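Undergrad: For reference, the structure I am asking about is given below.
The values are calculated or read from the model by the stated rules, or taken from the named source; none is laboratory data. Remember, predicted model here, so these are calculated numbers, not experimental data. A quick note on method: Cβ atoms are made from the backbone with ideal geometry, for glycine too, and the neighbour counts reach across all protein chains shown. For accessibility, only protein heavy atoms count, side chains too; no ligands or nucleic acids. Shrake-Rupley method; radii C 1.70, N 1.55, O 1.52, S 1.80 Å.
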Amino acid sequence: MKFTKMQGCGNDYIYINGFAEKIPQEEKPALVRKISDRHFGIGGDGAIFINPSSEADFEMEMYNADGSRAEMCGNGIRCVAKYVYDYGLTDKTDISVISCGKIKYLQLFLKEGKVDTVKVNMGTPILTAEEIPVTPLPGGEGNSIVDEPIPVQGKEYKMTCVSMGNPHAVVFMEDVTNLEIEKLGPHFENHERFPNRINTEFVKVLDRQTVQMRVWERGTGETLACGTGCCATVVACILNGLTDNTVTVKLLGGEIEITWDREANLVYMTGPAVTVFEGEV
């Protein structure tokens, strides 16, 4: 099986051309677990199969490192755009990609004939508790979860929940640099209020245009970046009155720019996409 290792702000995945590689569906979770292992496999935050689609230009079939399916990945979808252009699967610089039934629209920016950065229309943020999903507090059915208390490991935190096609809980803190995320992250991920588990962003607001973020992704652990997490974070910042509508999110692996167009109610993400290496396994 041929593969390409790619990363967006250090959020790295193993990309497999589903046009050429025919792998039985039932074998994919075990394969992903094997190749994602950083010691005994190729190494990555998961794997993404790029497949034909009758509904969009391409399908992104994404798996976390533990072999579970994921609905959407902002960094991953930018790399899909780079893959399909750089490898000649399309000559268009405006493409559509479907993942778990949801279509995203991408604008590709070239440098020396290759894709350098990608702007993605990430769609409308979902704020209703049941749709995210988050189990609402008594009497809170149908409401959004903004600055709401949640007890974790004997301490009360405040969370704002957003879905960008996958569920996120955003928690604002004074210090994320020294956060022991490997201890706290799993308790958020598997908290009883999140029926499908949760991705958790721990965020420090630096100013009205800049935030610092670390992320614990369900099924993977801490990653260097999370595109949908950046989108959810900026939406949460704006809902809490903490930032303007365009924000640079500083991550362990780089920076991503997010804009929430409040009039159209659409979130746009712009960031890099990088090919690391190719191989065969």
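Undergrad: Quick one: what pairs do we get from the range 216-245, first residue among the aliphatic types (A, V, I, L, M), second in a helix (DSSP H, G or I), C-beta under 6 Å, 6+ apart or different chains?
TA: From the range 216-245, the pairs are A225/N75.
Undergrad: Of all residues being in contact with a Gly (Cβ under 9 Å, 6 or more places away or on another chain) and among the aliphatic types (A, V, I, L, M) in the range 72-108, which is farthest from A225 (Cα to Cα)? Just the residue, please.
TA: Top of the filtered list is I103.
Undergrad: Cβ contacts < 6 Å: first residue acidic (D, E), restricted to the range 180-206; second residue open to solvent by 10 Å² or more (accessible area, probe 1.4 Å), any location; separation 6+ or different chain. Result?
TA: E189/R197; E189/R218
Undergrad: On to the next question. For the list (1) more than 28 Å from Y105 (Cα to Cα); (2) touching a residue at least 40 places away in the same chain (Cβ under 8 Å), I need the number of the one condition that V176 fails.
TA: Failed condition: (2).
Undergrad: Follow-up. Can you report the number of residues in the range 50-101 which are open to solvent by 10 Å² or more (accessible area, probe 1.4 Å), touching a residue at least 60 places away in the same chain (Cβ under 8 Å), in a loop (DSSP other than H, G, I, E, B) and touching a strand residue (DSSP E or B) at 6+ places or on another chain (Cβ under 6 Å)?
TA: Number satisfying all stated conditions: 1.
Undergrad: Counting just the residues of the range 102-133 that are within 18 Å of the chain's Cα centre (by Cα) and part of a loop (DSSP other than H, G, I, E, B), which one comes out surrounded by the fewest Cβ atoms within 10 Å (Cβ to Cβ)?
TA: T124
Undergrad: Restricting the search to the range 251-272, which residues are more than 17 Å from N11 (Cβ to Cβ), in contact with a helix residue (DSSP H, G or I) (Cβ under 8 Å, 6 or more places away or on another chain) and of a type in the set (A, V, I, L, M, F, W, C)?
TA: Those that are more than 17 Å from N11 (Cβ to Cβ), in contact with a helix residue (DSSP H, G or I) (Cβ under 8 Å, 6 or more places away or on another chain) and of a type in the set (A, V, I, L, M, F, W, C): W260, V267.
Undergrad: So, of the residues in the range 190-223 that are touching a Ser or Thr at 6+ places or on another chain (Cβ under 7 Å), assigned to a strand (DSSP E or B) and not β-branched (V, I, T), which turns out to be nearest to I258 (Cα to Cα)?
TA: Here the answer is M213.
Undergrad: Quick one: in the range 134-152, which of the residues that are at pLDDT 95 or above and not in a strand (DSSP E or B) is surrounded by the most Cβ atoms within 10 Å (Cβ to Cβ)?
TA: Selected residue: V134.
Undergrad: Next question. Looking only at residues in the range 23-41 that are among the aliphatic types (A, V, I, L, M) and in contact with a Gly (Cβ under 7 Å, 6 or more places away or on another chain), which one is nearest to I95 (Cα to Cα)?
TA: Among residues in the range 23-41 that are among the aliphatic types (A, V, I, L, M) and in contact with a Gly (Cβ under 7 Å, 6 or more places away or on another chain), the one nearest to I95 (Cα to Cα) is V32.
Undergrad: Just give me the residues in the range 223-247 being surrounded by 18 or more Cβ atoms within 10 Å (Cβ to Cβ) and touching an Asp or Glu at 6+ places or on another chain (Cβ under 7 Å), in sequence order.
TA: Listed by number, the residues that qualify are T223, C226, G229, A232, T233.
Undergrad: For the range 36-48, how many residues meet the condition of being crowded, with 21+ Cβ neighbours inside 10 Å and either touching a residue at least 60 places away in the same chain (Cβ under 8 Å) or out of contact with any strand residue (DSSP E or B) (no Cβ under 9 Å at 6 or more places or on another chain) (or both)?
TA: Residues of the range 36-48 that are crowded, with 21+ Cβ neighbours inside 10 Å, as a first pass: 36, 44-48.
Okay, now just the ones that are also either touching a residue at least 60 places away in the same chain (Cβ under 8 Å) or out of contact with any strand residue (DSSP E or B) (no Cβ under 9 Å at 6 or more places or on another chain) (or both), so 45-46.
Of the residues in the range 36-48, 2 are crowded, with 21+ Cβ neighbours inside 10 Å and either touching a residue at least 60 places away in the same chain (Cβ under 8 Å) or out of contact with any strand residue (DSSP E or B) (no Cβ under 9 Å at 6 or more places or on another chain) (or both).
Undergrad: For the range 224-281, give me every one of the strands (runs of 3 or more DSSP E) that falls completely inside it and has 3 or more residues that are modelled with pLDDT of 95 or more and β-branched (V, I, T).
TA: In the range 224-281, 246-251, 254-261, 274-280 are the strands (runs of 3 or more DSSP E) which contain 3 or more residues that are modelled with pLDDT of 95 or more and β-branched (V, I, T).
Undergrad: In addition: Which of the residues belonging to the range 15-35 are crowded, with 18+ Cβ neighbours inside 10 Å, more than 11 Å from I48 (Cα to Cα) and free of Cβ contacts under 8 Å to residues at least 40 places away in the same chain?
TA: Of everything in the range 15-35, those that are crowded, with 18+ Cβ neighbours inside 10 Å, more than 11 Å from I48 (Cα to Cα) and free of Cβ contacts under 8 Å to residues at least 40 places away in the same chain turn out to be L31, R33.
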